[in-house]
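The values are calculated or read from the model by the stated rules, or taken from the named source; none is laboratory data. Note that this is a predicted model, so its numbers are computed, not measured. Methodologically, a virtual Cβ is constructed for each residue, glycine included, from the backbone with ideal geometry; neighbour enumeration extends over all protein chains shown. All accessible areas refer to the heavy atoms of the entire protein, side chains included, with ligands and DNA or RNA removed. Shrake-Rupley method; radii C 1.70, N 1.55, O 1.52, S 1.80 Å.
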Amino acid sequence: MGRPNHLEQVRKRVKAAEADSVFIPSDFFDIAEAVKVNTCLNRLVESGELHRMMRGVFTKPRYSELLHANIPPSPDKIAKAIARNYGWTIIPCGDTALNMQGISTQVPAVWIYVSDGPYKNYDASGVMLKFKHTDNKNEIIEVSYQTALIIQALKALGKDNITIKDIRILSKRLTDDEKKQMLVESKRITAWVYECIKQICAEDSHEANF
């Protein structure tokens with residue numbers, strides 16, 4: 001039996017992925033050990049099949065015929081790759097959460113996440129990513145991603161600034177099953193946030209008490 005061609009195995013996985021997918025070396029550790037994987041990734045960067053966003057983070061280029069240039073992946077994809085690399089759980093917060101939930105159309109200048117990891121800032125090809133440590137693990141680990149994201153969006157708005165419009169926007173983004181799950185998951189969170197979630201999950205958001 002011939003020796004395995006690790007480069008071709010890594011290349012095959014990259015080719016099968018969608019354009020603007022983001023990779024870290026451990027995504028390929030089932031193919032080869034770290035040193036060999038890094039060598040393969042460097043080869044794919046040299047050939048233009050991958051682009052190095054930052055140390056240990058690679059993206060598959062997505063070419064825009066309109067702009068005649070490669071389009072970078074979303075900052076959220078990069079943030080999730082960094083978190084995956086270090087084993088962190090992260091959730092968008094602040095203006096980042098509001099933008100991702102459709103409450104704000106303003107694109108954040110800095111993409112901010114709460115995390116069970118350390119405080120860290122990264123510059124990924126001009127995109128600033130900020131990770132803020134939180135001890136409120138019941139708001140990011142013990143709930144689903146969708147529930148955690150809505151919790152952060154509500155906290156970004158603030159107890160006294162949430163409107164009926166905000167409640168309706170968030171309600172429309174959820175399926176009935178997601179609402180049922182969120183009601184169960186969020187019983188242990190801050191009381192006013194839970195009251196907002198009950199309004200979001202109400203059958204008729206016109207009944208919201210705001």
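Structure above, values below:
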{"read-out": "Average accessible area per residue (Å²) across the stretch 1-78 - probe 1.4 Å, nucleic acids and ligands excluded", "value": "63"}
{"read-out": "Degrees separating the helix 145-157 axis from the principal Cα axis of the chain, which is the longest one", "value": "60"}
{"read-out": "Whole-percent carbon and sulfur share, accessible surface of the stretch 79-210, 1.4 Å", "value": "47"}
{"read-out": "Gain on full stretching of the segment that runs from residue 175 to residue 109 - 0.36 nm per residue minus C-alpha separation", "value": "20.7 nm"}
{"read-out": "Sulfur and carbon atoms: percent of accessible area, the stretch 1-65 [1.4 Å]", "value": "49"}
{"read-out": "Overall form of the stretch 72-142 per C-alpha gyration tensor (a/c, 1.5; a/b vs b/c)", "value": "oblate"}
{"read-out": "Shape of the stretch 14-131, Cα gyration tensor, a/c cut at 1.5", "value": "oblate"}
{"read-out": "Debye log10 I(q)/I(0) for the stretch 117-156, one point scatterer per Cα, at q = 0.34 Å⁻¹", "value": "-1.04"}
{"read-out": "Contour excess over end-to-end distance, with Cα ends at residue 43 and residue 84 and 0.36 nm allotted per residue", "value": "12.5 nm"}
{"read-out": "Packing rank of 167-175, 109-117, where each peptide gets the mean count of other beta carbons within 10 Å, highest leading", "value": "109-117, 167-175"}
{"read-out": "Rh by Kirkwood over Cα pairs, then Stokes-Einstein D for the chain at 1.306 mPa s and 10 °C, µm²/s", "value": "83"}
{"read-out": "Cα-centre dipole for the chain with unit charges at Cβ (Lys and Arg positive, Asp and Glu negative), debye to 20", "value": "560"}
{"read-out": "Fully extended contour minus Cα-Cα distance, from residue 63 to residue 29, at 0.36 nm per residue", "value": "9.5 nm"}
{"read-out": "Eligible lysines near residue 15 by straight Cα distance, threshold 23 Å, same-chain separation 8 or greater", "value": "36, 60, 77, 80"}
{"read-out": "Those aspartates and glutamates that a straight Cα-Cα span of less than 20 Å connects to residue 187, excepting residues fewer than 8 apart in one chain", "value": "135, 139, 142, 176, 177, 178, 195, 203"}
{"read-out": "Sorted peptide list for 96-103, 191-198, 177-184, criterion being average Cβ within 10 angstrom, highest first", "value": "96-103, 191-198, 177-184"}
{"read-out": "Within the stretch 112-140, backbone nitrogen closer than 16 Å to the virtual label 7 Å beyond the Cα of residue 161 toward Cβ", "value": "112"}
